[in-house]
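**Student:** Could you have a look at this structure, given as structure tokens, before my questions?
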Amino acid sequence: MTIIKVLYVDDEENNLSSFRANFRRLYEIYTANSGAEALDILSQTEVHIVISDQRMPNMTGVELFKKIKKLYPEPIRILLTGYTDIEALADAINTGDIYRYITKPWNEIELNNSIQNAYDVFRTRRELKEKLMELQKTNDELNRFIYSISHELRAPLASALGVLNLAKLDNVFTESEKGYEYWNLIEDCCARLDYNITSTLQYYKNSRYSTVKEEVNFAKLVDDLVTMHKLANNVDDKIRFEVNIDQPEKFVSDIFRIEVIIGNLISNAIKYQKPEEKDKLIKIEVKVNRLDAIITITDNGLGILNDHLNKIFNQFFRMHNQKGTGLGLFIVREALAKLDGKISVESVLNSGTRFTIRIPNNVPDI
Amino acid sequence: MPSNTHIPNSLIIVDDSSVDLKINSRIASLTKLFKQILCFNSAEAALDFLVENLNNPEVYPLFILLDIQMPEMDGFEFMKRYERFPRSFKEKTNVVMLSSTDDLGDRTRVESDKNVVRLLKKPLQIEELKELLTRIYK
């Protein structure tokens, strides 16, 4: 067990020696006969508790504690005082300069109790501080880990996807019928792995990163997302995108999460198209006003069974045995929850699905 | 200035992954937009080359594809050194950064660097590269 270190400050030598005589067996004791000397000791030794007399020449106990609080905030401070010093005392208590005061002359039991209580406070605060630092460290490590693992996982996959691109550009896919089948299977697997890594990271980042408030330009954001998903899914000429952005107002929210939400819904709209449909269409509309952004994403794809509509936002729910982790819409819901947004869905089997999202505008009131 | 400066003369690719160097140089050669393509497997090697060829007119205009995540010196450190190159060099050079991840922190850093045109996510797509090149060198 740690020995409790107590610094006792009093200008009367008698008091110092009687304190020492009373407590030397219980605590490690330091004494000082002035505020200046006390500060000198504190600069060299880490003590847990400082007890000081109020009435001392040059520097009073309260003055000393104000200084100590600034320089060494950790030790718990106890003031010894007569009944006549009430005014100085009230001020010191209210500003948090002292933990407790004891009227003189002190008795051994009362003072000992106070020292014990003060040490409890000291220990609890220190433990809390240590836990907080530990937590901060774990947090930092975890963030670095996510960053590096996301690179380590995605980098070789990106290389494989790059090779596949090249194989296509160099017409390797079409050299033989078997080759065509196998290359396409590999491409499917890579695409699925890519999607899984991306959504796992999105889920993770959404649950860990605090939300930020930044200006959102929907025209640019949606345009970037559409371009990205067209490229990633190789659907440039096969699906028609209709984008309609009506943003007369400034919109403030969290860009990362909005990208996650719209991106996942676009990705789903692409994934759940009807293979036989001649005119595959995805419509994205955004309307912004002072209070909300209302985003609708409509497709003319496979649609969702009525029975499934209330399950689609659950983790790991998948439709039609389709590719995917069943994480997409779950992440959308989680990201929306962080933004205080809402989502609703209407769908008719075999004719299409419409998702409607409402995200609050955090633009400050004028 | 001669009229052939409307297309970049050289492409420099900096990437520690030999597979990615191979893929991206092949993609770049398929665009038929570069007279020469040079590959470096470390930021240091690329910087050495640039310093030695600062006054070599054969190299310019120059287009650089720079990977972010590399051991020893990463793409951002490369750009710190790049910043100290003479203005005349930077005027004839464009840098596009590449990353295998879609990290928001990386994106913010790239957007705040006036010497970088854009951040592209790997794998590099030929259409994306072509479009970017025609936009820069129209």
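What follows draws every value from the coordinates through simple rules; no lab data is involved. Nothing here was measured: the structure is a model prediction, and the numbers come from that model. As a convention, Cβ positions derive from the backbone with ideal geometry for all residues, glycine included, and neighbour counts pool all protein chains shown.
**Student:** Give the residue from A:ALA167, A:THR95, A:SER150 lying farthest towards the positive end of the charge dipole for region A:22-172; charges sit on Cβ (+1 for Lys and Arg, -1 for Asp and Glu) and the dipole is referred to the Cα centre.
**Tutor:** Of the candidates, A:ALA167 comes out farthest on the positive side.
**Student:** By a straight-distance test (C-alpha under 29 Å), which lysines pair with A:LYS129 as possible cross-link partners, with residues fewer than eight away in the same chain excluded?
**Tutor:** Answer for A:LYS129, where 29 Å is the Cα cut-off: A:LYS5, A:LYS66, A:LYS67, A:LYS69, A:LYS70, A:LYS137, A:LYS205, A:LYS338, listed by chain and number.
**Student:** Among A:GLN116, A:GLN247, A:GLN273, whose mean-square fluctuation peaks in a Gaussian network model of chain A (Cα, cutoff 10 Å)?
**Tutor:** In this elastic network of chain A, the residue with the biggest mean-square fluctuation among A:GLN116, A:GLN247, A:GLN273 is A:GLN116.
**Student:** Separate question: Please find, in a Gaussian network model of chain B (springs between Cα atoms separated by less than 10 Å), the residue of B:ASP106, B:ASP67, B:ASP15 whose mean-square fluctuation is greatest.
**Tutor:** Comparing B:ASP106, B:ASP67, B:ASP15 in the GNM, the peak value goes to B:ASP106.
**Student:** For B:TYR137, A:TYR272, what ranking results if the residue with the fewest other Cβ atoms within 10 Å of its Cβ goes first?
**Tutor:** B:TYR137, A:TYR272
**Student:** Can I ask one more? Provide, for q = 0.14, 0.20, 0.21 Å⁻¹, the log10 of I(q)/I(0) from a solvent-free Debye sum over equal Cα point scatterers in region A:125-216.
**Tutor:** Debye curve over Cα of region A:125-216, log10 I(q)/I(0) at q = 0.14, 0.20, 0.21 Å⁻¹: -0.71, -0.99, -1.03.
**Student:** Something else about it: Please tell me the relative contact order of chain B in percent, rounded to the nearest whole number, where contacts are Cα pairs under 8 Å and at least six residues apart.
**Tutor:** 25 percent
**Student:** Region B:19-39 to region A:280-298: how many Å between their Cα centroids?
**Tutor:** A separation of 40 Å, based on Cα centres.
**Student:** Taking beta carbons within 10 Å but only from partner chains, what does the mean come to for residues B:125-132?
**Tutor:** 2
**Student:** What does the charge count around B:ASP106 come to, taking other residues whose C-beta lies under 14 Å from its C-beta (Lys +1, Arg +1, Asp -1, Glu -1)?
**Tutor:** In short, +1.
**Student:** Can you sort A:HIS308, A:HIS48 by how many other beta carbons sit within 10 Å, fewest first?
**Tutor:** A:HIS308, A:HIS48
**Student:** When DSSP beta bridges are limited to those with both residues in region B:7-64, what percentage is antiparallel, rounded to the nearest 5?
**Tutor:** Close to 0 percent.
**Student:** Based on the Cβ-Cβ distance of B:ASP74 and A:ARG24, what FRET efficiency does E = 1/(1 + (r/R0)^6) give at R0 = 45 Å, to the nearest 0.05?
**Tutor:** With a Förster radius of 45 Å, E is 0.15.
**Student:** Where nothing but the Cβ of Lys and Arg (+1) and of Asp and Glu (-1) is charged, how large is the charge dipole of the protein assembly as shown around its Cα centre, in debye to the nearest 20?
**Tutor:** Approximately 980 debye in magnitude.
**Student:** Still on this structure, I have one more. In whole Å, what are the extents of region A:197-265 along the principal axes defined by its C-alpha atoms, from largest to smallest?
**Tutor:** 38, 36, 13
**Student:** Further question on the same structure: Please report the antiparallel percentage of DSSP beta bridges with both residues in the protein assembly as shown, rounded to the nearest 5.
**Tutor:** If I count the DSSP bridges inside the protein assembly as shown, around 35 percent turn out antiparallel.
**Student:** Something else: Against the globular-protein guess of 2.2 N^0.38 Å, express the Cα radius of gyration of region A:1-83 as a ratio, rounded to two decimals.
**Tutor:** 1.01
**Student:** Shifting gears a bit: Once the piece of chain linking A:ASN361 and A:ASN117 is laid out straight, how much longer is it, given 0.36 nm per residue of separation minus the C-alpha distance between them?
**Tutor:** The span from A:ASN361 to A:ASN117 would gain 82.9 nm if fully extended.
**Student:** May I ask for the distance between the Cα centers of region A:190-263 and region A:51-73, given as a whole number of Å?
**Tutor:** Here the two parts' Cα centres lie 59 Å apart.
**Student:** Right, something else. If the cut-off is 20 Å between C-alpha atoms, which lysines fall inside it for B:LYS35, apart from same-chain ones fewer than 8 positions away?
**Tutor:** Excluding near neighbours in sequence, the set is B:LYS22, B:LYS90, B:LYS92, B:LYS130, B:LYS138.
**Student:** Please state the shape class of region A:81-142: rounded when a/c is under 1.5, otherwise prolate if a/b exceeds b/c and oblate if not, all from the C-alpha gyration tensor.
**Tutor:** Note, shape of region A:81-142 comes out oblate.
**Student:** Turning to a different aspect of this structure: Classify chain B as rounded, prolate or oblate from the Cα gyration tensor: take a ≥ b ≥ c as the square roots of its eigenvalues, call it rounded if a/c is under 1.5, otherwise prolate when a/b beats b/c and oblate if not.
**Tutor:** rounded
**Student:** What lysines does A:LYS271 reach when the alpha-carbon gap must be under 17 Å and sequence neighbours fewer than 8 apart in one chain are set aside?
**Tutor:** Hits, sequence-local ones excluded: A:LYS230, A:LYS238, A:LYS280, A:LYS283, A:LYS323.
**Student:** When B:LEU119, A:LEU135 are ordered from fewest to most other Cβ atoms inside 10 Å of their Cβ, what list results?
**Tutor:** Ascending number of Cβ neighbours within 10 Å: A:LEU135, B:LEU119.
**Student:** A follow-up question, please. Where a ≥ b ≥ c are the square roots of the eigenvalues of the C-alpha gyration tensor, would you call region A:226-275 rounded, which needs a/c under 1.5, or, failing that, prolate if a/b is larger than b/c, or oblate?
**Tutor:** Since a/c reaches 1.5 and a/b is larger than b/c, the shape of region A:226-275 is classed as prolate.
**Student:** Using all C-alpha to C-alpha distances in chain A, build P(r) with 10 Å bins and read off the rounded percent in each one.
**Tutor:** 4, 18, 19, 12, 8, 10, 12, 10, 5, 1, 0
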